[in-house]
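Have a look at the structure below before the remarks.
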Amino acid sequence: MLKERIELLSKRKQISRKDLVEGLVTQAHFANILADRYPLPEDLAEAIAGRLGVSPSYILQAAAQDEETLERAEAIFEQMSVPASAISEDTVHALADRDDTLTVELTTALMKAVYYQQLNDATAHEYIHTSYLNFYLEKYGRPDDIDLPRPLVKALLFYKIQYYRSKMASVDVLTHAIRLSELALPGSEFWLSVQNIKMEAYIQVKQYEEAKQVFELTMRHVYDQRMFHRLSGLYVAYSGYCFAMGLVQEALSALTMAEANLVYAGNQGDLVTAIANNRIVMLTMTGELDQAQAEIERFESLLQQETEETQLAMQPLVSVYRCEVALARKNWGVLAQSVDQLLKCATTQDQQMSATFYQSHLALAHGDREVFMERALACLPYFESAQHVMRLEPLYEGMAVVSEDQRKYKEAAMYYRKLVYLLRKK
């Protein structure tokens with residue numbers, strides 16, 4: 001870990017290895033020190049620290065993995081591994097960005113990155129990566145392949161899970177969640193959170209039997225230990241399992257159970273959003289559009305009780321809901337208004353690409369095939385990378401038909417093939 005810290009500091013200072021140790025020690029001897037073959041003398045550490053513009057302890061303690069260091073890193077992980085809504089900004093700002101030990105420093109940076117991602121704070125998220133994290137992710141990006149301290153491995157796995165969730169890469173989410181669950185204390189709050197993630201990932205990769213087993217195991221533990229504050233979150237996850245299995249009424253009943261148990265939950269705001277989201281999506285997908293519309297309006301009324309900041313954060317989501325219902329109804333006037341609203345408040349790439357997707361449908365509905373193809377091609381790569389089937393099916397179909405009408409038969413055949421492949425995978 002000393003080697004990596006030296007490399008980053010040298011890169012920042014734009015100083016070569018040769019210049020760093022010039023007059024102090026041979027490059028070969030220093031390479032052996034960085035490879036942990038020889039100890040690092042204090043006087044050499046002081047001289048190198050001076051050239052790198054840091055304190056001697058920042059060099060001497062870089063690789064420390066003593067009990068106190070591991071306890072501090074574990075405490076930071078536990079503190080930051082809860083939903084971002086449960087963490088105050090003051091708490092995050094109070095965590096020092098620099099620490100003499102790389103274990104604590106890197107754990108802190110990874111967990112801050114997860115926090116910023118959950119808040120959709122793109123500026124802070126980008127800064128922490130470009131200024132620090134990208135370098136270490138290149139070195140330690142495969143936590144299973146590297147012998148790192150346990151708290152740091154957990155932070156890396158948790159970071160990877162959140163990253164892959166944002167990319168809808170469910171196989172990778174599941175792989176890392178299984179690994180992380182092995183490191184979590186069985187029955188702990190964090191273990192329960194990882195169980196939920198595993199269940200969602202199993203559903204996404206269509207391993208339904210495994211998803212059900214995780215649900216039943218976790219539910220037994222919740223009732224045995226009387227951890228009723230976890231019931232709502234479990235029922236939300238179970239609703240996803242039921243819906244994936246085609247059990248629509250059971251899925252909706254699970255959401256009703258989730259809502260009924262909110263009284264025990266500590267993070268009611270997050271759960272209310274999850275319940276509303278699942279219910280609106282399910283009703284929209286099953287064609288119960290009047291009920292979906294009623295749920296959207298109910299959700300908006302609940303948001304009126306929240307802070308202005310929360311209302312603003314939820315506005316893009318509500319706009320997407322309205323777009324989906326309008327699209328399902330082929331109510332192009334309402335869809336146009338909802339898309340305009342979405343474009344004004346969109347804060348994430350997914351929301352912006354969704355707006356472009358809706359614009360493509362508006363153009364196709366109005367017979368403007370050129371604009372349709374332009375918008376479709378603009379959002380297609382994003383939805384292909386995310387394997388977003390609900391978006392890809394209508395895009396491929398529309399692009400195939402338009403290409404055929406324009407006598408671009410080779411392109412039409414390509415989109416038809418993609419559509420068939422997509423349908424076969426369902």
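The table for this structure:
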quantity: Residues satisfying the stated conditions in segment 221-263, i.e. of a type in the set (Gly, Ala, Ser) and in a helix (DSSP H, G or I); calculated: Ser232, Gly233, Ala237, Ser239, Gly240, Ala244, Ala251, Ser253, Ala254, Ala258, Ala260
quantity: Residue within segment 304-320 that is surrounded by 17 or more Cβ atoms within 10 Å (Cβ to Cβ) and of a type in the set (S, T, N, Q) present; calculated: yes
quantity: Failed criterion for Tyr238 (all others in (1) open to solvent by less than 50 Å² (accessible area, probe 1.4 Å); (2) among the aromatic types (Phe, Trp, Tyr); (3) under 27 Å from Ala328 (Cα atoms) hold); calculated: (1)
quantity: Residues (buried (at least 24 other Cβ atoms within 10 Å of the Cβ) and either of a type in the set (Phe, Trp, Tyr) or closer than 16 Å to Leu247 by Cα (or both)) located in segment 191-208; calculated: Tyr202, Ile203
quantity: Qualifying residue in segment 341-348 (condition: among the polar types (S, T, N, Q) and open to solvent by 60 Å² or more (accessible area, probe 1.4 Å)); calculated: yes
quantity: Candidate set: segment 373-402, residues that are more than 22 Å from Gln351 (Cβ to Cβ) and free of Cβ contacts under 8 Å to residues at least 24 places away in the same chain; chosen: the one most open to solvent (accessible area, probe 1.4 Å); calculated: Glu397
quantity: Helices (runs of 4 or more DSSP H) completely within segment 126-211 that count 3 or more residues being under 25 Å from Phe383 (Cβ atoms); calculated: 150-166, 170-183, 189-204
quantity: So Glu189, is it at pLDDT below 90 and charged (D, E, K, R); calculated: yes
quantity: Some residue of segment 274-286 being in contact with a helix residue (DSSP H, G or I) (Cβ under 7 Å, 6 or more places away or on another chain), open to solvent by 60 Å² or more (accessible area, probe 1.4 Å), more than 23 Å from Gln207 (Cα to Cα) and not in a loop (DSSP other than H, G, I, E, B); calculated: no
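Matching residues to (1) at pLDDT below 90; (2) over 25 Å from the mean Cα position of the chain (by Cα):
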site: Thr273; (1), (2): yes, no
site: Thr284; (1), (2): no, no
site: Gly287; (1), (2): no, yes
site: Gln291; (1), (2): no, yes
site: Glu297; (1), (2): no, yes
site: Gln304; (1), (2): yes, yes
site: Thr307; (1), (2): yes, no
site: Gln311; (1), (2): yes, no
site: Val320; (1), (2): no, no
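The values are calculated or read from the model by the stated rules, or taken from the named source; none is laboratory data. Bear in mind the structure is a predicted one, so any value in this text is a computation, not a measurement. Here the Cβ is made from the backbone with ideal geometry for all residues, glycine too, and neighbour counts use every protein chain on show. Ligands, DNA and RNA are excluded from the accessible area calculation, which covers all protein heavy atoms including side chains. Shrake-Rupley method; radii C 1.70, N 1.55, O 1.52, S 1.80 Å.
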